[in-house]
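Visitor: If you scroll down you'll find the structure; I have some questions about it.
The values are calculated or read from the model by the stated rules, or taken from the named source; none is laboratory data. Just so it is clear, the structure is predicted and the values come from calculations on it, not from any experiment. Positions of Cβ are generated from backbone atoms using ideal geometry, with glycine treated the same way; all protein chains shown enter the neighbour counts.
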Amino acid sequence: MYNKLQHLIYETTGIDLGGENAPVDINAQIAVASLLVVAANSDGSIDGKETVKMVEALCRRYSMTPVVALDLVSRAIEAQSMGDDSPALFDELNERLTKKQKEELILMLLEVIAADGEKKAKEMAVLDRAVAALGISSNRLDKIYDRYFEAKRKSGK
């Protein structure tokens, strides 16, 4: 019941009451890593900077070790090489992630897309598809961009 109230408060006000210590869903982590890989590979290749950003984002979001995060990324790269099933991936993300987690995923996508210093049309198309498929409103997207650029300012990059 508390989680539902927490979710309702976040959806209506944007205020996060915490709850980051919820049980970790490994399938959600795999799906998140998969979408990050889709975005990183949308320009035809994944470079080292993008891999580092994916690992850092997974470590920060899920408090996992770099070795575990790199394993998730490696598995996602291997799975993607066998075929892109984005509709099924978005269905799984919608099923497994809360609204706040979806917003965090969009923030992670922005970091991965910007990792190599280039924002190509195919990468932005993946971002647009993710925003639409995950039901992120333009108002929430503006707030996600604000958070992204604020973090960039604070890091001096």
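Visitor: Report yes if K119 is part of a loop (DSSP other than H, G, I, E, B) and among the basic types (K, R), otherwise no.
Guide: It is true that K119 is part of a loop (DSSP other than H, G, I, E, B) and among the basic types (K, R).
Visitor: List, please: which pairs have Cβ atoms under 7 Å, are six or more places apart or on different chains, and start with a residue in region 40-58 that is of a type in the set (S, T, Y) and end with one that is buried (at least 18 other Cβ atoms within 10 Å of the Cβ)?
Guide: Within 7 Å, the pairs are S42/E123; S42/V126; T51/V73.
Visitor: Considering (1) surrounded by 14 or more Cβ atoms within 10 Å (Cβ to Cβ); (2) of a type outside the set (A, V, I, L, M); (3) in contact with a Leu (Cβ under 7 Å, 6 or more places away or on another chain), say which one R140 fails and leave the rest.
Guide: If we test R140 against (1) surrounded by 14 or more Cβ atoms within 10 Å (Cβ to Cβ); (2) of a type outside the set (A, V, I, L, M); (3) in contact with a Leu (Cβ under 7 Å, 6 or more places away or on another chain), just (3) comes out false.
Visitor: All but one of (1) touching a residue at least 40 places away in the same chain (Cβ under 8 Å); (2) crowded, with 19+ Cβ neighbours inside 10 Å hold for L110; state the number of the condition that does not hold.
Guide: All conditions pass for L110, except number (1).
Visitor: While we're on this one: Could you check region 122-157 and list, in sequence order, the residues that are part of a helix (DSSP H, G or I) and at pLDDT below 85?
Guide: Matches in region 122-157: S155 only.
Visitor: Output yes when any residue across region 108-119 is at pLDDT 90 or above and touching a Phe, Trp or Tyr at 6+ places or on another chain (Cβ under 7 Å), and no when none is.
Guide: Yes - at least one qualifying residue is present in region 108-119.
Visitor: Could you tell me whether L127 is buried (at least 17 other Cβ atoms within 10 Å of the Cβ), without any contact (Cβ under 8 Å) to a residue 40 or more places away in the chain and within 20 Å of E56 (Cβ to Cβ)?
Guide: Against the criterion (buried (at least 17 other Cβ atoms within 10 Å of the Cβ), without any contact (Cβ under 8 Å) to a residue 40 or more places away in the chain and within 20 Å of E56 (Cβ to Cβ)), L127 does not qualify.
Visitor: Take the residues of region 19-44 that are within 22 Å of G117 (Cα to Cα) and at pLDDT below 85: which is nearest to the chain's Cα centre (by Cα)?
Guide: Among them, the one singled out is D43.
Visitor: Next question, about the same structure. Can you work out which of the residues in region 61-74 that are at pLDDT below 90 and assigned to a helix (DSSP H, G or I) is surrounded by the fewest Cβ atoms within 10 Å (Cβ to Cβ)?
Guide: R61
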